[in-house]
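Undergrad: Okay, handing you the structure first.
The values are calculated or read from the model by the stated rules, or taken from the named source; none is laboratory data. Quantities reported herein were computed from a predicted structural model and do not represent experimental measurements. The protein model used for the area step is the full one, side chains on, heavy atoms only, and it has no ligands, DNA or RNA in it. Shrake-Rupley method; radii C 1.70, N 1.55, O 1.52, S 1.80 Å.
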Amino acid sequence: MKTASALRELRDLRNTLKGTLGLVPTMGYLHEGHLSLVRRSKAECDHTAASIFVNPTQFGPSEDLSRYPRDMPRDLALLEAEGVDLVWTPTPDVVYPPDFQTWITVEKVSQPLEGAHRQGHFRGVATVVAKLFNAFTPDRAYFGQKDAQQVVVIRQMARDLNFPLEIVVCPTVREDDGLALSSRNAYLKPDERKAATVLYRALICAQEAFEAGERDAGRLRAIMSSTIAAEPLAREDYVSVAGPETLAELDSVERGALFSIAVRIGATRLIDNFLLETSNSKSQTFNGDE
Ligand code: PAF
C-alpha cells in the first residue's frame, strides 16, 4: 500500500494505477462501516484508494473538530490489511492552501435536516469531496447510506459539475443492538451507549407503523419523537419523513420515503435513517456523467 500526503505525490502514485479506481473518502477512525465500503470497492474496481482527512471546513465553530477521534497508525494498518492500493493523508494546508477562496454550495438539498442544524456543513463536505474527486479522478466513489443527506448533496454536486464517476451508496452497518456504526460512538459513556439505541428503536417503531398501514407523515414523525422522548438521556434535534431525493417533508408517505433523525445523547450528536424500501438498507448507484 502506497501513502502520500503531498498532492503532487498522490497524483504521481495515482497515475501508476491502470484500470478502474474506486475511492473511499473518510475522516479516519475507521470502523466496519468504512471497511464495508473498501470491500465493495475492491469487489467492483481494479484498484482501491482511500483518503483520511478530518475536514475542518465541515465542522461548525461549536462542533467537535478538536476532539474528533483520530488514530492514523491503526487506520493505515486496517486499510493495508484490506488490500487498499493508495491512501492520501493530507494536512489541512494541503487541501486548503493560504488564500483558498473557492467553495461549492449545493443549494436546495443542503438546506433542510443536517443543513438546518449545522450551518456551512455541506459547503465544507461538497468542497472537500470535489477536491478529492479532482485529486484521485476515481471511476467510482463509495459512501454510506448512514449519511443519507450527504449522499444526496454529493450526488447533486457530481451531476451539476459533471464529474465522470459513479457514486455508489452502501448499506448502513449496525451493531447487534441496531446502533449504526459511527466514529462518534467512541464518545459515548456506557449508559449513553445503551441509550443510543433509541435512534434505531424510533426508526423501527415508525417503520412498523408504516408497514401496519400508517401513511400520515405527521403521525409517523410523532411516533419517532415519542420514542426519543421516552429515553431520559436523549434529546431530539429533528425527526423527518421526507422525499429521498428532494429531502422535502412529506404529508403522506409512500414506499421509498426517507425517515431520518438526529438525537443528542449527552454531548454526542448522532444521526440515523431508514430508506423505506425493502428494509433499512439500500444500495444505489448514480453516474455523475449522465
Ligand atoms: O462522511 C465523511 O466521513 C465525510 O463527510 C467525508 C465524505 C469524508 C468528507 O469529509
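Undergrad: As a test question: what accessible area, to the nearest 10 Å², does Glu208 have when a 1.4 Å probe is rolled over all protein chains in place?
TA: Spelled out: Glu208, probe radius 1.4 Å, area about 120 Å².
Undergrad: What are the ³J(HN,Hα) couplings of the range 123-131, residue after residue, when phi is run through the Karplus curve with 6.51, -1.76, 1.60 and θ = phi - 60°? Round to Hz, x for glycine and proline.
TA: Karplus values, whole Hz, x for Gly and Pro: 5, x, 5, 4, 5, 5, 5, 4, 5.
Undergrad: May I ask what percent, to the nearest 5, of DSSP beta bridges between residues of the chain are antiparallel?
TA: Antiparallel: roughly 55 percent of the beta bridges in the chain.
Undergrad: Another one. Of all alpha-carbon pairs in the range 77-118, indicate the percentage at a distance above 15 angstrom.
TA: Considering the range 77-118, 68 percent of its Cα-Cα pairs are separated by more than 15 Å.
Undergrad: Read phi for every residue in the range 254-267 and hand back ³J(HN,Hα) as whole Hz from Karplus 6.51 cos²θ - 1.76 cosθ + 1.60, θ = phi - 60°, with x for Gly and Pro.
TA: For the range 254-267, the Karplus-derived couplings read 10, 4, x, 5, 9, 9, 9, 9, 10, 9, 9, 10, x, 8 Hz, x marking Gly and Pro.
Undergrad: Enumerate the whole-percent occupancy of each 10 Å bin, from 0 to the last occupied one, for all C-alpha pair distances of the chain.
TA: Going from the shortest bin to the longest, the percentages are 6, 28, 36, 22, 7, 1.
Undergrad: Quick one: order Lys146, Lys108, Lys18, Lys42 from most to least accessible surface, probe 1.4 Å.
TA: Sorted descending by solvent-accessible area, the residues read Lys108, Lys18, Lys42, Lys146.
Undergrad: Out of residues 5 or more away from Lys2 or on other chains, whose amide H comes under 5 Å of its own, with H placed 1.01 Å from N in the peptide plane?
TA: So Lys2 has HN proximity to Leu86, Val87.
Undergrad: Show me, bin by bin at 5 Å from 0, the whole-percent P(r) of the range 198-258 based on Cα pairs.
TA: 4, 20, 31, 24, 15, 6, 1
Undergrad: Sorted by accessible area (1.4 Å probe), largest first, how do Val94, Val128 line up?
TA: Val94, Val128
Undergrad: Hey, another quick one. Can you compute the radius of gyration and Dmax for the range 83-191, using only the Cα atoms, both in Å?
TA: Values for the range 83-191 (Cα only, Rg and Dmax): 15.6, 47 Å.
Undergrad: Would you mind telling me the share, in percent, of accessible area of the chain contributed by carbon and sulfur at probe 1.4 angstrom?
TA: 50
Undergrad: Rolling a 1.4 Å sphere over the protein heavy atoms, what is the accessible area per residue of the chain, to the nearest Å²?
TA: 45
Undergrad: Still on this structure: Give the ranking of Met27, Met1 by solvent-accessible surface, highest area first, calculated with a 1.4 Å probe.
TA: Descending order: Met1, Met27.
Undergrad: Here is a further query. Which value results when the Cα radius of gyration for the range 1-136 is divided by 2.2 N^0.38 Å?
TA: Normalised by 2.2 N^0.38 Å, the Cα Rg of the range 1-136 equals 1.08.
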